[in-house]
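So the structure is just underneath, and the comments pick up after that.
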Amino acid sequence: MNIQANDPKITSWVTVSKDSDFPIQNIPFGIAMPPEKGPRVATIIGDQVVDLLTAYDLGLFEGVAIKREVLAERYINDLMALGKNACRAVRNRISVFMRSDDTLGAKSHADRLLHKVSDCELLLPVKVGDYTDFYSSKEHATNVGTMFRDPENALLPNWKHLPVGYHGRASSIVVSGTPVHRPVGQTMPPDADQPVFGPCKLMDFELEMGFVVGKDSKLGHRISTEDAEDYIFGMVLFNDWSARDIQKWEYVPLGPFLAKSFASTISPWVVTLDALEPFRTKGPEQDPEVLPYLKYKGEKNYDLELEVTIRTEGGKEKTVCNSNFKYMYWNMCQQLAHHTVNGCNFKVGDMCASGTISGKSRDSFGSMLELSWKGTRPIEMPDGTERKFLKDGDTVLLRGFGKGENGYRIGFGEAAGKVLPAVLPEE
Ligand code: CA
């Protein structure tokens, strides 16, 4: 597919450093509050937020089929609902007025159009209706099965036949920068015969990516793997915070509940599937052969480097995990086809997360559970402390990007969240 805004030769009149996630080829969508202004749809180039509502008022979208009110919304849902072609036209137009040979005169309005990202508040970009979490990394599922069940039969019998998932909680999805309190709940300590109540002791992150649905489907209608990309607007980084001790006690037989629903953190910019086009790659071979409704043609995985960094209270950082989205066994199109094969419908703003993305090597595991192997291999931190799981005061930062031609990269910024102490119920 030839997408004009993806042309690697284009440069912007905004200075973009080489290691920026946001060259002019990215043009993600989000919601920003510039100083003394209300929420509005925005994009980012380099470290400059581009106010798209002001761009509209300056006439920069003349001839593009978009209404002013869509850009004045609190969420990007109505923008996504315009459809892929309309959003492509918006992205292409931004590329035109932000490129070096700007013919529309945008640069002369830079003081109104641009705001340093550090001066803006970035809000949750999507009003998430429903959220589903998959479990689609074979390495992660194998690690967890090995630790908790049987190394010989680490994957359960269904795992290679369908993308396993569960319905998560949409209301507690928060934007990067929102602190997260350590949850409290019931756990069954080892060797105890009664559950105890108190703060989670095994607080964890999960390195995931989420996709955002940008098109409604009808109840009773199935989305095929071939059509799935029409429904997937874009992607974000996704930290599925997890309370392992609560999870262990509560998850039988219906799966995770309170161990997951207290918070999930996403990155503030939704990177369009269009912008990720150059990073398509083949997925792992699926053996045994999947059922016909899960078969697909073409390259449906994406080569996106992912990392997790922990920043301790004193400000020292350590990158504890380097992984890649391409390791996913089940791709997003298969996930969507499976999710709707029973007739379940999707709505604009629904979100699906990948499941923890682990690679083969120990330093590519996407959770503390796996990195510390259930607490048996502590990780040394630069301040001299060690981590089996997360401590209060730790900030977890997810980052991710694809490396493009000409050295540019298309990235997601970060999904950051600080762990705050538990808040106990009053006696
Ligand atoms: Ca998860």
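The values are calculated or read from the model by the stated rules, or taken from the named source; none is laboratory data. Quantities reported herein were computed from a predicted structural model and do not represent experimental measurements. When we count neighbours, we look across all protein chains shown, and the Cβ atoms used for this are built from the backbone with ideal geometry, even at glycine.
Acidic (Asp, Glu) and within 16 Å of the ligand (Cβ to nearest atom) - does that describe any residue in region 248-269? Spell out how you get there, then give the answer.
Filtering region 248-269 down to residues acidic (Asp, Glu) leaves 250.
If we keep only those that are within 16 Å of the ligand (Cβ to nearest atom) too, we end up with 250.
Yes: one or more hits.
Can you pull out every residue in region 76-101 that is crowded, with 16+ Cβ neighbours inside 10 Å and more than 12 Å from GLY214 (Cβ to Cβ)? Across region 76-101, the qualifying residues are ALA89, VAL90, ARG91, ASN92, ARG93, ILE94, SER95, VAL96, PHE97, MET98, ARG99.
Listed by first and then second residue, the pairs with beta-carbon distance under 6 Å, at least 6 apart or on different chains, first residue in region 233-254 and in the same structural domain as LEU202 (by TED's automatic domain parsing) and within 16 Å of MET351 (Cα to Cα), second small (Gly, Ala, Ser) and more than 15 Å from the ligand (Cβ to nearest atom), are PHE233/GLY214; VAL236/SER267; LEU237/SER267; LEU237/GLY400.
Within this structure, PHE365 fails the test of being in contact with a Ser or Thr (Cβ under 8 Å, 6 or more places away or on another chain) and farther than 20 Å from TRP241 by Cβ. Would you be able to say whether some residue in region 20-40 is buried (at least 21 other Cβ atoms within 10 Å of the Cβ), of a type in the set (Asp, Glu) and either over 23 Å from GLU405 (Cβ atoms) or outside the structural domain of PHE412 (by TED's automatic domain parsing) (or both)? Yes: one or more hits.
Scanning region 212-270 for residues being assigned to a strand (DSSP E or B) and within 18 Å of PHE412 (Cα to Cα) gives a total of 14.
The residues listed here are ASP204, ASP191; of these, the one that is more than 16 Å from the ligand (Cβ to nearest atom) and acidic (Asp, Glu) is ASP191. Tallying residues that are part of a strand (DSSP E or B) and modelled with pLDDT of 95 or more within region 379-408 yields 12. Each residue in region 320-336 was checked for being surrounded by fewer than 23 Cβ atoms within 10 Å (Cβ to Cβ) and out of contact with any Pro (no Cβ under 8 Å at 6 or more places or on another chain), and 4 pass. Here region 371-399 is the region considered, the condition is being under 20 Å from the mean Cα position of the chain (by Cα) and within 16 Å of the ligand (Cβ to nearest atom), and the residue that is farthest from PRO23 (Cα to Cα) is VAL396. If we scan region 272-287, do we find a residue that is in contact with an Asp or Glu (Cβ under 7 Å, 6 or more places away or on another chain), within 16 Å of the ligand (Cβ to nearest atom) and hydrophobic (A, V, I, L, M, F, W, C)? The answer is no; no qualifying residue exists.
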